[in-house]
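Below you'll find the structure, written out as structure tokens, and then a few comments.
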Amino acid sequence: MLRSLLPSILWALMILALTLMPGKYLPETSLADFFKIDKLVHISIFLGLVYLLIKGLKRKPSSGWATRYAIIFSLLLGTLYGALIEVIQQFIPDRSFEYLDMLANTLGCIAGAFIFSLQNKNRKSSLS
């Protein structure tokens, strides 16, 4: 099972490293540019996290609870992970807790589950 989850674990570690990096190490951008790109980045990275997590859980050969509830489990885990990162950021120099970032993280999680569901639905209908 760990092998099928390796991409999502590596992605989660990359998110952790980037989001907990002190602000002075982030690239300099104007506030207007940063605000436009920042929320899209949050959405994108959490979309990827949940998508990879669902995919890894669905690859698992057994029909256990994690496989059956992969989408719900991944949504909850991704959302909690995004919220936890935001809480931790308030203790990192030049970083801060932001409700809009937490919202963007959550929207990314929802988008990742939605895209996985659409792809899975399309695969099932093409097999019929």
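Modelled label positions at Met14 and Lys58, each set 7 Å beyond Cα in the direction of Cβ, lie 2.0 nm from each other. With protein chains left intact and a 1.4 Å probe, residues in segment 39-122 average 55 Å² of accessible area per residue.
Solvent-accessible surface of protein heavy atoms, probed at 1.4 angstrom with all chains present, puts Ile115, Ile110, Ile45 in the order Ile110, Ile115, Ile45, largest first. The listed residues Lys121, Lys58 rank as Lys121, Lys58 when sorted by accessible area, largest first, using a 1.4 Å probe.
The values are calculated or read from the model by the stated rules, or taken from the named source; none is laboratory data. Remember, predicted model here, so these are calculated numbers, not experimental data. Glycine also receives a Cβ, built like all others from the backbone with ideal geometry; neighbour counts cover every protein chain displayed. All accessible areas refer to the heavy atoms of the entire protein, side chains included, with ligands and DNA or RNA removed. Shrake-Rupley method; radii C 1.70, N 1.55, O 1.52, S 1.80 Å.
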